[in-house]
Amino acid sequence: MVTKITNGMNDWFGWFPASIFENDTCFFIPSMANTCVFDTKEGLVIFDVPIRQFAQKTFDQVRSFTNKPVKYIIYSHGHFDHAFGYGPFIEEIRKKGWDMPEVIAHENCIRRFEKYEILGKYHDWINKQQFASVSGRGQDAVVSAHETLNPTIILKGNDSSYSFKLGDVNFEIYHDIGETDDSIWLWVPEKKTICTGDLMVSSFPNIGNPFKVQRYPKDWAIAMEKMREKNAEYLVPGHGRLIEGTEKVRDALSITGEVMHFVHDEVVKRLNEGKWFEEIYHEMLEIYPDKFRNHNILRGIYGCYRFAIHATYRLYHGWYDSGNPTDLFPAKTDEIARELLKINSEEKYLEHAKKLYSEGKKQLALHILDIVAKGTDEKNGEPLVETLELKVKILKEKVNGETSFIAGNIINNATHQIKERLKELKKN
Ligand SMILES: [Zn+2]
């Protein structure tokens, strides 16, 4: 049984209808991530194609609006929900004998596709973990990255940009690193529209994702400021609903930029004060301002503030993060647990964990339970079963109180594994 952790995520997943704006010339089509189609006299410009599973549905929706040929496809970045659902569009072009479209991306997008080739199975595993509550735990990959439609117009280096005109409409494309190192965003002045890709996702930005490579808070904040200068009336985010109205667009961009500056600058200040990760992390939790905590755009439903602290620390710091030389070349945690169990019995640890739990100290209870979970011989069935049952109970309560979809899935996946272990233990 797969637990659904989609609270507040309906918009993020695009579970709302497509819409048309700016005098019926812009089509906004949600399908997990958002696709935006600009209808010009000379043909269509598509900003982001959907995840492969929704390609046909999105194609059919585009074709219910217009029959014009696709001239340009722009990838905001190379993630599977933004650059893989091109199939039906290309098939149509081949069938009708139209010219192939230009495909625009940053050069790092090509490197990303190469990375997916060498790390295909690993990325399948990551995506299954991250999206377990909606994709299930079956064997099917969320998407196979082995087939790609490669870019024909490639932005190179930092601060790169590219512009073109189609049917009297200007399209300005800018590269700024943020969620990824291949991010690009689009400004269409005649349509007063900005397409941000995942630099905006109707949640706290997905920075510091526990599974993913480095993200860039400072540059992300600067990208938000550059976008704000455009004074757009419409903002098409990578996920979530269209943001309409100059004030709302400016507010969304401002607060997102501001929180990125905040988390970046506060972590940097503490690094300069000689603090290690644990101290920085817990201090940062204490000082998080309510204006960010309570802002609708920054709800931690996908990414979250806690992850952002990790992202900034990791940007400037190596893997030795505790300042304690014991941790430099540590022993195995199950060996440490076995030694602790020589000092006191499983029953004593379990009793103490129960006491902590009854006092509402759930996280501390988990640490104590792990000594029994890791250090007990499987033959010592009873305290181990009780330990794992209490751990499952606490983790379930944590999932219920967890706002972040990603964190919820991580905890839920682990809970599922513990339950499987419990089944085995009870059999023997
Ligand atoms: Zn996305």
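The values are calculated or read from the model by the stated rules, or taken from the named source; none is laboratory data. What you see is a predicted model; the values in this text were computed from it and never measured. Backbone-built Cβ (ideal geometry, glycine too); neighbour counts: all protein chains shown.
In region 342-354, the residues that are farther than 9 Å from Leu369 by Cβ and among the charged types (D, E, K, R) reach residues that are surrounded by fewer than 20 Cβ atoms within 10 Å (Cβ to Cβ) and modelled with pLDDT under 95 with C-beta atoms within less than 8 angstrom, at least six apart or across chains, in these pairs: Glu346/Asn380; Glu346/Pro383; Glu347/Pro383. If I filter region 198-206 for residues that are of a type in the set (Asp, Glu) and either more than 18 Å from the chain's Cα centre (by Cα) or more than 16 Å from the ligand (Cβ to nearest atom) (or both), do I get at least one hit? Within region 198-206, not a single residue is of a type in the set (Asp, Glu) and either more than 18 Å from the chain's Cα centre (by Cα) or more than 16 Å from the ligand (Cβ to nearest atom) (or both). In this structure, is Ile297 of a type in the set (A, V, I, L, M, F, W, C), part of a loop (DSSP other than H, G, I, E, B) and closer than 22 Å to Gly408 by Cβ? No. Note on region 58-77: residues that are in contact (Cβ under 8 Å) with a residue 40 or more places away in the chain and among the β-branched types (Val, Ile, Thr) amount to 2.
Within the set Phe28, Phe16, the sole residue that is touching a Phe, Trp or Tyr at 6+ places or on another chain (Cβ under 7 Å) and in contact (Cβ under 8 Å) with a residue 12 or more places away in the chain turns out to be Phe28.
Does Val392 satisfy the criteria of being within 22 Å of the chain's Cα centre (by Cα) and of a type outside the set (Ser, Thr, Tyr)? Judged against the criteria, Val392 is not a match.
Restricting to region 167-198, give me the number of residues that are among the hydroxyl-bearing types (Ser, Thr, Tyr) and outside any strand (DSSP E or B).
Filtering region 167-198 for residues among the hydroxyl-bearing types (Ser, Thr, Tyr) gives 174, 180, 183, 193, 196.
Now narrow it down to the ones that are outside any strand (DSSP E or B): 180, 183.
Counting residues in region 167-198 that are among the hydroxyl-bearing types (Ser, Thr, Tyr) and outside any strand (DSSP E or B) gives 2.
Can you give me the number of residues within region 207-219 that are crowded, with 24+ Cβ neighbours inside 10 Å and more than 16 Å from the ligand (Cβ to nearest atom)? So the count comes out to 1.
Within the option set Glu172, Glu147, being closer than 26 Å to Lys41 by Cα and either surrounded by fewer than 19 Cβ atoms within 10 Å (Cβ to Cβ) or more than 16 Å from the ligand (Cβ to nearest atom) (or both) holds for one residue only, Glu172.
In summary, strands (runs of 3 or more DSSP E) completely within region 18-87 and bearing 2 or more residues that are away from the ligand (no atom under 14 Å from the Cβ) and under 16 Å from Thr148 (Cβ atoms) occur at 70-74.
A Cβ distance below 7 Å, combined with a sequence gap of six or more or placement on separate chains, defines the contacts here; from region 78-91, residues that are touching a residue at least 12 places away in the same chain (Cβ under 8 Å) reach residues that are assigned to a loop (DSSP other than H, G, I, E, B) and away from the ligand (no atom under 16 Å from the Cβ) in the pairs Tyr86/Leu149; Ile90/Leu149. All of Leu364, Leu369, Leu350, Leu384 fail the test of being touching a helix residue (DSSP H, G or I) at 6+ places or on another chain (Cβ under 8 Å), part of a helix (DSSP H, G or I), under 30 Å from Val134 (Cβ atoms) and not acidic (Asp, Glu), apart from Leu369.
Put simply, of Ser345, Ser322 the only residue that is in the same structural domain as Lys393 (by TED's automatic domain parsing) and among the hydroxyl-bearing types (Ser, Thr, Tyr) is Ser345.
Take the conditions (1) surrounded by 17 or more Cβ atoms within 10 Å (Cβ to Cβ); (2) on the phi > 0 side of the Ramachandran plot; (3) touching a helix residue (DSSP H, G or I) at 6+ places or on another chain (Cβ under 7 Å); Gly257 misses just one of them, which is (2).
Can you say whether Leu186 is within 16 Å of the ligand (Cβ to nearest atom), surrounded by 18 or more Cβ atoms within 10 Å (Cβ to Cβ) and either farther than 27 Å from Ile154 by Cβ or free of Cβ contacts under 8 Å to residues at least 60 places away in the same chain (or both), as far as the supplied structure shows?
Working: within 16 Å of the ligand (Cβ to nearest atom): yes; surrounded by 18 or more Cβ atoms within 10 Å (Cβ to Cβ): yes; either farther than 27 Å from Ile154 by Cβ or free of Cβ contacts under 8 Å to residues at least 60 places away in the same chain (or both): no.
No; evaluated as a whole, the condition is false for this residue.
Here region 88-110 is the region considered, the condition is being touching a Pro at 6+ places or on another chain (Cβ under 8 Å) and within 16 Å of the ligand (Cβ to nearest atom), and the residue that is nearest to Ile154 (Cα to Cα) is Ala105.
The residue pairs whose first member lies in region 217-238 and is among the polar types (S, T, N, Q), whose second member is not in a strand (DSSP E or B), and whose beta carbons are closer than 9 Å, counting only pairs six or more residues apart or on different chains, are Asn231/Lys192; Asn231/Thr246; Asn231/Val249; Asn231/Arg250. Among the residues of region 89-105, the ones that are out of contact with any Lys or Arg (no Cβ under 8 Å at 6 or more places or on another chain) and within 17 Å of Phe47 (Cβ to Cβ) come to 5 in all.
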